[in-house]
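First comes the structure, then the notes that go with it.
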Amino acid sequence: MKKYRGVFLKNEKEIGLLREANRIGAIILDVLGEHVRPGVKTIFFHELTMNLCKQFNVKPAFLGLYGFPYSLCCSINEEIVHGFPSERELKEGDIVSFDVGVLFEGFYGDNARTFAVGSVSEKAQELMDVTRESLMKGIEQARPGNNLNDVSRAVQEHAESHGFGIVRRFVGHGIGRKLHEKPEVPNFVPQGNSGLPLKAGMVIAIEPMVTEGSFEVDILDDKWTAVTKDRKLSAHFEHSIAITSDGPVILSLSD
């Protein structure tokens with residue numbers, strides 16, 4: 001692969017493999033979403049993800065990564081990212097985020113969505129809607145000739161214009177033969193950072209983590225689960241996208 005300022009530029013074949021990895025990940029998320037309802041224990045989603053990965057002949061990318069013990073991240077309400085599936089049951093009015101990664105023929109797929117459990121509050125629904133919209137605003141800016149800061153600014157401005165917070169502690173990333181590659185993709189514009197010119201062939205995962213209140217974060221005793229410091233709600237959406245000469249192409253879509 002060619003490199004530009006430390007970022008791998010993918011060719012058409014490599015983007016094709018990334019598209020398939022991400023398509024499979026998106027199908028898995030589709031299936032997980034079909035099972036979201038009150039009374040379901042979240043460990044079920046780990047087991048379902050394991051079975052689906054076996055069915056699609058892919059590896060669950062998160063299992064064992066940096067010591068993470070499950071096939072997916074399952075984060076409820078105030079949990080931002082990296083939540084553990086467990087015996088906890090989903091309840092009416094919860095929101096739950098699933099972050100799923102797979103490894104297909106040496107290339108990674110990575111995508112996340114937040115789902116409503118039954119009927120949720122107006123604020124929870126708005127938070128999910130705005131987070132998803134922020135992701136799409138960022139994707140629109142991911143084109144050659146723009147700067148990575150244009151992506152970050154679009155995400156941040158949309159979320160903050162609705163009175164929500166943008167998590168600073170965790171960011172998006174490049175993706176390819178490694179799950180986490182350069183560049184980092186912040187959901188906010190870092191002070192004093194001139195950003196990175198965007199080039200065709202870059203593949204990045206954009207993943208806004210948006211909070212109902214403060215963007216400050218605590219890490220729970222399991223050393224993984226990140227929660228909002230004020231314990232207000234958080235939502236998370238992620239797409240992996242290829243930057244092409246024709247603009248951004250979302251790879252993490254099911255059929």
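The values are calculated or read from the model by the stated rules, or taken from the named source; none is laboratory data. Everything numeric in this text was worked out from a predicted model, so none of it was measured. FYI the Cβ positions are ideal-geometry reconstructions off the backbone, even for glycines, and counts take in every protein chain you see. Accessible surface areas use protein heavy atoms only, side chains included; no ligands, DNA or RNA. Shrake-Rupley method; radii C 1.70, N 1.55, O 1.52, S 1.80 Å.
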Item to check | Filter result for the condition that a residue is surrounded by 21 or more Cβ atoms within 10 Å (Cβ to Cβ), among the small types (Gly, Ala, Ser) and in contact with a Pro (Cβ under 7 Å, 6 or more places away or on another chain), over Ser71, Ser75 | outcome: Ser71
Checklist entry - Are any of the residues in the range 145-164 surrounded by fewer than 23 Cβ atoms within 10 Å (Cβ to Cβ), farther than 26 Å from Gly247 by Cα and over 15 Å from the mean Cα position of the chain (by Cα)? => result yes
Item to check | Residues of the range 223-255 classified as open to solvent by less than 10 Å² (accessible area, probe 1.4 Å) and not in a loop (DSSP other than H, G, I, E, B), total | outcome: 12
Next on the checklist: Checking Glu140 against (1) closer than 30 Å to Gly16 by Cβ; (2) crowded, with 23+ Cβ neighbours inside 10 Å; (3) charged (D, E, K, R): exactly one of these is not met. Which one?
Outcome noted: (2)
Item to check | Index of the failed condition, Asn193 passing every other in (1) open to solvent by 70 Å² or more (accessible area, probe 1.4 Å); (2) at pLDDT 95 or above; (3) over 19 Å from Asp110 (Cα atoms); (4) assigned to a loop (DSSP other than H, G, I, E, B) | outcome: (2)
Checklist entry - Looking at (1) in contact with a helix residue (DSSP H, G or I) (Cβ under 6 Å, 6 or more places away or on another chain); (2) crowded, with 23+ Cβ neighbours inside 10 Å, which is the only condition Phe104 fails? => result (2)
Checklist entry - Asn187 is checked against (1) surrounded by fewer than 19 Cβ atoms within 10 Å (Cβ to Cβ); (2) in a loop (DSSP other than H, G, I, E, B) and fails just one. What number does that condition carry? => result (1)
Checklist entry - Mind checking which residues of the range 22-46 are touching an Asp or Glu at 6+ places or on another chain (Cβ under 8 Å), open to solvent by 10 Å² or more (accessible area, probe 1.4 Å) and farther than 9 Å from Leu90 by Cβ? => result Arg23, Ile27, Ile43
Checklist entry - Can you name the residue in the range 199-222 that is farther than 14 Å from Arg169 by Cβ and either polar (S, T, N, Q) or surrounded by fewer than 24 Cβ atoms within 10 Å (Cβ to Cβ) (or both) and, of all such residues, is nearest to the chain's Cα centre (by Cα)? => result Glu212
Checklist entry - Are any of the residues in the range 87-100 within 27 Å of Val189 (Cβ to Cβ) and under 15 Å from the mean Cα position of the chain (by Cα)? => result yes
